[in-house]
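> My questions will all concern the structure given below.
What follows draws every value from the coordinates through simple rules; no lab data is involved. The structure presented is a predicted model; accordingly, all values stated were derived computationally and were not measured. As a convention, Cβ positions derive from the backbone with ideal geometry for all residues, glycine included, and neighbour counts pool all protein chains shown.
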Amino acid sequence: MLLLPSALGLWFLGAAKDSAPQHIAELRPLVGHSVVVQGVLTDVDTTSGMPKETPHYAMTIPDDVDDPAAGSTITAVGDETWGFPPSSDHPRRLSFLVVLDDPPHAIDHGPVGSVHAPTATTLATAEQGASRLTALWITAVVVFWGCTLGLPALAITLTVRRRRARAHAHARP
């Protein structure tokens, strides 16, 4: 009865364990090479047909960033909206995570204050979480197979003992 839910739980845990290294690989190059910048809505591009709006935000990379791109202005896009009639309800300001490459570009955005640049601490926390997930997954696999194989063997052993005890009790005069 618990075989299917425990197998599903093991599958979800394995999926989380397998995706953790990819998340770490995405974080590692961003540490020290990214900055969070506030963008201001400058334009909204509307496409007709199936009405789609794409907001454009302008942002200036702070001067205190140790990068040749410091002080430059870049443009990024926010979330597209679809529908009829087109919505003009776009936030005036968004936070953007900007990678300081050549050229700098935004890779993530969200409401002001919700986006954070990865640090060495967040990378270490992600690596520690990945190692914990791996250890938990290994433990879960051992427990799963121990229960899957051990409980039926225990049930058979106890049934045989009980039948032998009954047979032995009935055989006594």
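> Name the residue that is surrounded by the fewest Cβ atoms within 10 Å (Cβ to Cβ), counting only residues in region 10-50 that are part of a strand (DSSP E or B), in contact (Cβ under 8 Å) with a residue 60 or more places away in the chain and not hydrophobic (A, V, I, L, M, F, W, C).
Result: Gln38.
> Right, another one. Do you know which of the residues in region 16-52 that are closer than 30 Å to Arg132 by Cβ and among the polar types (S, T, N, Q) is farthest from the chain's Cα centre (by Cα)?
Among residues in region 16-52 that are closer than 30 Å to Arg132 by Cβ and among the polar types (S, T, N, Q), the one farthest from the chain's Cα centre (by Cα) is Ser34.
> Could you pull out every one of the strands (runs of 3 or more DSSP E) wholly within region 64-157 that has 2 or more residues that are over 25 Å from the mean Cα position of the chain (by Cα)?
Here the list reads 73-77.
> What are the residues in region 51-63 that are surrounded by fewer than 15 Cβ atoms within 10 Å (Cβ to Cβ) and part of a strand (DSSP E or B), if any?
Lys52, Ala58, Thr60
> Does Val143 count as of a type in the set (Val, Ile, Thr) and closer than 27 Å to Trp11 by Cβ?
Yes.
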